[in-house]
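A.B. asks: This is the structure, below, for whatever I ask next.
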Amino acid sequence: MRIACPYCGERSLDEYLYSGDATVRRPEPSSANAAADFYSYVYERANPPGKHRELWYHAAGCHAWLVVTRDVSTHIITSVELARDVALPSDTAVRETA
């Protein structure tokens, strides 16, 4: 499998470290059922076939964090985005709320 880093171009999987599901969100520790929420967060994962958004770290390259959309059945990658672009609001969204 090869991942197309936005900075370095297409590189071998050997240069990257897989860091898990990019859609999982840490529960709020102050919620009423925090213990159950954290148990589910740590141990319970649905693993359906099809497209998944995953976090990858380009360890042997530019050290960028990436969100890779990949079909886990076929390993076909449909998109690679910088994690910061996925996590941070766009300039447009910031201007609209200001």
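A.B. asks: Grab the DSSP H runs of the chain that are 4 residues or longer, score each as -39,500 (n - 2.57), total them, divide by all residues and round the 222 nm result to the nearest 500 deg cm²/dmol.
C.D. replies: -6000 deg cm²/dmol
A.B. asks: I've got another one for you. Pick from ARG53, ARG25, ARG70: which residue has the top mean-square fluctuation in a GNM of the chain where Cα pairs under 10 Å get a spring?
C.D. replies: Its mean-square fluctuation being the largest, the pick is ARG25.
A.B. asks: In whole Å, what three semi-axes, largest first, describe the equivalent ellipsoid of the chain built from its Cα gyration tensor (square root of 5 times each eigenvalue)?
C.D. replies: 26, 21, 13
A.B. asks: Only Lys, Arg, Asp and Glu count, each charged at its Cβ (+1, +1, -1, -1), so figure out the dipole size of the chain about its Cα centre, rounded to 20 debye.
C.D. replies: Taking the Cα centre of the chain as origin, the dipole is about 60 debye.
Readers should treat all values here as calculations from the given coordinates under stated rules, not as data from a laboratory. Just so it is clear, the model here is predicted, and its values are computed rather than measured. In this analysis, Cβ positions are derived from the backbone assuming ideal geometry, glycine residues included, and neighbour counts consider all displayed protein chains.
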